[in-house]
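A short write-up of the structure that comes next.
The values are calculated or read from the model by the stated rules, or taken from the named source; none is laboratory data. All values reported here derive from a predicted model rather than from experimental measurement. Cβ atoms come from the backbone with ideal geometry, glycine included; neighbour counts cover every protein chain shown.
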Amino acid sequence: MRRWSAHPIARDWGGAWRVDLRPLSELIPSRSCSNPHPAHSSHPISSHLTLPTCFQFTLQICRRDDHSLLTMKEHTQPPVASIAIIGASCQLPSGVDNTNALWDFCSKAQCSARPYPESRFKSAHYYHPAAHKQGHFNVRAGSFLDRDISSFDAAFFNITATEAVSMDPQQRLLLECAFTALENAGLDLNELSGKSDIGVFAGGSKSDYDALINLDQFTATHYAATGNAMTMFANRVSYFFNWRGPSITIDTACSSSLSALHAAVQSLRHGECSTALVGGSFLQLSPMLLSHMAAIGYMHQTLPIFCLSS
């Protein structure tokens, strides 16, 4: 593939720049690469991230008359090892609390939508069929966890009761899932403690719990700032397991967890991490975000809305 376009350096010389992309197989003899971690067909969630074909990148800056070559820079990307998913865990609507249940749920094309639970908020007070009515929303159902989201074993994670009260339930769920995922992977937590090459990449977004706490700042504890900061999605996991590697929370709306996965893969490829934990958490606790989303036409009254759909 060749692409020609203007470039500041090229314009200074009255020229243009060109990028040539050629598969590495054209430059060196082909060779097979064995996979040290074959996928197990008995575990449908176990998988590998297939790496793209390696390319050679060549940059040429030439005079417009193309009589003389001014600069050439070459870089060849060597083959890299495969990346394996060695453990997983989840807490999802409709009682899906492990990877086997998730596989069954998806393979049967089930739907998790149900009426809003009264424990969250009185949805009937905010419903209106007109999507753009201020302060209301035009949907009657959503996907919610079956469990009590207020329950949390704070002592297990060395968190005081006072701090746990001010801690976003999204962070609590992420901590629980992180621990379960490491158990699923069969990793020794004592051996991992203190390592600087283990990263945490978390997908997060707006916190309804933070908005609710801010309604009355006089009753909030002194842990409210750290308990609801989105950066703590990843930082709290790294702190509990005593990991010293990258600890990053990413917000790209509906694709936050997918973006976190991409960042983790890049960190593994570049040698920043030998192991990476990726996760995401989201809870709908108040009608505020729903009303804002409905106001700009994101919600449909009868049809389901899918993540990343048009």
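Could you count how many residues in the stretch 200-222 are in contact (Cβ under 8 Å) with a residue 60 or more places away in the chain, closer than 18 Å to LEU285 by Cβ and not in a loop (DSSP other than H, G, I, E, B)?
5
Do you know which residues across the stretch 94-120 are of a type in the set (Phe, Trp, Tyr) and over 20 Å from HIS300 (Cα atoms)?
Scanning the stretch 94-120 gives TRP103, PHE105.
Within the stretch 227-235, does at least one residue satisfy the condition of being surrounded by 19 or more Cβ atoms within 10 Å (Cβ to Cβ) and either acidic (Asp, Glu) or farther than 23 Å from GLN91 by Cα (or both)?
Within the stretch 227-235 (the criterion being surrounded by 19 or more Cβ atoms within 10 Å (Cβ to Cβ) and either acidic (Asp, Glu) or farther than 23 Å from GLN91 by Cα (or both)), the answer is no, since none of the residues qualifies.
Which residue is farthest from PRO115 (Cα to Cα), if the candidates are limited to the stretch 140-168 and must be under 26 Å from the mean Cα position of the chain (by Cα) and among the aliphatic types (A, V, I, L, M)?
Among residues in the stretch 140-168 that are under 26 Å from the mean Cα position of the chain (by Cα) and among the aliphatic types (A, V, I, L, M), the one farthest from PRO115 (Cα to Cα) is ILE159.
Looking at SER256, SER274, SER247, can you tell me which residue is small (Gly, Ala, Ser) and more than 29 Å from ALA164 (Cβ to Cβ)?
The match here is SER274.
Any residue that is touching a strand residue (DSSP E or B) at 6+ places or on another chain (Cβ under 9 Å) and either assigned by TED's automatic domain parsing to the domain that holds PRO287 or of a type in the set (A, V, I, L, M, F, W, C) (or both) - is there at least one of those in the stretch 89-97?
yes
Checking LEU189 against (1) within 19 Å of the chain's Cα centre (by Cα); (2) surrounded by fewer than 16 Cβ atoms within 10 Å (Cβ to Cβ); (3) among the aliphatic types (A, V, I, L, M), which test does it fail?
(1)
Free of Cβ contacts under 8 Å to residues at least 12 places away in the same chain and closer than 19 Å to VAL278 by Cα: does that describe ASP188?
When the stated conditions are applied, ASP188 passes them.
Output the residues belonging to the stretch 236-266 that are among the hydroxyl-bearing types (Ser, Thr, Tyr) and either more than 23 Å from GLU191 (Cα to Cα) or crowded, with 19+ Cβ neighbours inside 10 Å (or both).
Once the filter is applied, which keeps residues that are among the hydroxyl-bearing types (Ser, Thr, Tyr) and either more than 23 Å from GLU191 (Cα to Cα) or crowded, with 19+ Cβ neighbours inside 10 Å (or both), the stretch 236-266 yields SER238, SER247, THR249, THR252, SER255, SER256, SER257, SER259.
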